[in-house]
Amino acid sequence: MKKVTLILIAIFVFGVSNFAKAQRDRGDGIMSGAAVVGPAGGGGSGGAEHNIKVGIPSYSLVGISSDATIALMPAAPETAGQGLNFDVESASDNSVWLNYSSIIKSSANSISVSMKGDNLPNGVTIELVAAEDAGKGKGEVGKTEKKTIVLSGDSQPVVTTIKNCYTGTGSSSGHQLTYTLKMDETSDNYKALTAKDFDTTITYTITSL
């Protein structure tokens, strides 16, 4: 077996408030003027007033610090009689960080992860651990699922209870993601291994709860 490559993508859900629409609607009072005029003939006090409406847009965005393909690969044995070694540095990667921005309309936002196609050899899995937020942004960031997530085609929560916040962008901001290649080395799984490359895609999606 050669290696497993991961292609990471992110999906965002973007909501916009009705503020822009309201600005186009001159009938709702935005920036409309209403003059207050003194008594005819002068000599009285006068003034003018208008209304200003402030709108905060609602949005939720998720991204990853790099879209470079990740390669995970066990080490081939160096001594006859040994098997593949999955406890090596090349079978793990923590180079990618999960970034997001959020202004909520509902109770909270949540980020889930899924693996498209599950194109892996029998008995081989990819485990994901997301660290807590690095503290580079502002607001009430989400909480990570502290358990190890075994990636599959099913959507699973990674970061929950995301409120009004942003994590910062790029590496060292947001949540560090660690992927680890594992294998259940039973006899049936081991004999079914094929020496080739396997590609799969990891997708992160942010949604409102």
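The values are calculated or read from the model by the stated rules, or taken from the named source; none is laboratory data. Just so we're clear, the structure is a prediction, and the values are computed from it rather than from any experiment. Cβ placement follows ideal geometry from the backbone for every residue including glycine, while neighbour counts extend to all protein chains displayed.
Numbers below:
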{"read-out": "From 144, 160, 180, 186, residue being under 21 Å from residue 63 (Cα atoms) and surrounded by fewer than 16 Cβ atoms within 10 Å (Cβ to Cβ)", "value": "160"}
{"read-out": "Within region 161-209, tally of residues that are hydrophobic (A, V, I, L, M, F, W, C) and modelled with pLDDT of 95 or more", "value": "6"}
{"read-out": "Tally of residues being within 20 Å of residue 200 (Cα to Cα) and of a type in the set (Val, Ile, Thr) across region 63-92", "value": "3"}
{"read-out": "Residue in region 114-132 that is free of Cβ contacts under 8 Å to residues at least 24 places away in the same chain and more than 30 Å from residue 59 (Cβ to Cβ) present", "value": "no"}
{"read-out": "All positions within region 194-209 that are surrounded by fewer than 16 Cβ atoms within 10 Å (Cβ to Cβ) and more than 13 Å from the chain's Cα centre (by Cα)", "value": "194, 195, 196, 197, 199, 201, 209"}
{"read-out": "Qualifying positions in region 117-146 - charged (D, E, K, R) and under 22 Å from residue 208 (Cα atoms)", "value": "132, 133, 138, 140, 143, 145, 146"}
{"read-out": "Filter result (touching a Phe, Trp or Tyr at 6+ places or on another chain (Cβ under 9 Å) and among the polar types (S, T, N, Q)) within region 111-152", "value": "112, 114, 119"}
{"read-out": "Index of the failed condition, residue 135 passing every other in (1) without any contact (Cβ under 8 Å) to a residue 12 or more places away in the chain; (2) surrounded by 14 or more Cβ atoms within 10 Å (Cβ to Cβ)", "value": "(2)"}
{"read-out": "Breaking point among (1) surrounded by 12 or more Cβ atoms within 10 Å (Cβ to Cβ); (2) at pLDDT 95 or above; (3) at positive phi, for residue 109", "value": "(3)"}
{"read-out": "Unmet requirement for residue 79, which otherwise passes all of (1) out of contact with any helix residue (DSSP H, G or I) (no Cβ under 9 Å at 6 or more places or on another chain); (2) closer than 24 Å to residue 176 by Cβ; (3) at pLDDT 95 or above", "value": "(2)"}
{"read-out": "All strands (runs of 3 or more DSSP E) inside region 126-209 with 1 or more residues being acidic (Asp, Glu)", "value": "198-208"}
{"read-out": "Close pairs (6 angstrom Cβ cut-off, 6 or more residues apart or separate chains): free of Cβ contacts under 8 Å to residues at least 60 places away in the same chain and within 30 Å of residue 208 (Cβ to Cβ) in region 46-60, among the aliphatic types (A, V, I, L, M) and surrounded by 13 or more Cβ atoms within 10 Å (Cβ to Cβ) anywhere", "value": "53/30; 58/103; 59/103"}
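Yes or no, residue by residue, for (1) touching an Asp or Glu at 6+ places or on another chain (Cβ under 8 Å); (2) in a strand (DSSP E or B); (3) closer than 14 Å to residue 166 by Cα:
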position: 81; (1), (2), (3): no, no, no
position: 87; (1), (2), (3): no, no, no
position: 90; (1), (2), (3): no, no, no
position: 95; (1), (2), (3): no, yes, no
position: 102; (1), (2), (3): no, yes, yes
position: 107; (1), (2), (3): no, no, no
position: 111; (1), (2), (3): no, yes, yes
position: 115; (1), (2), (3): no, yes, no
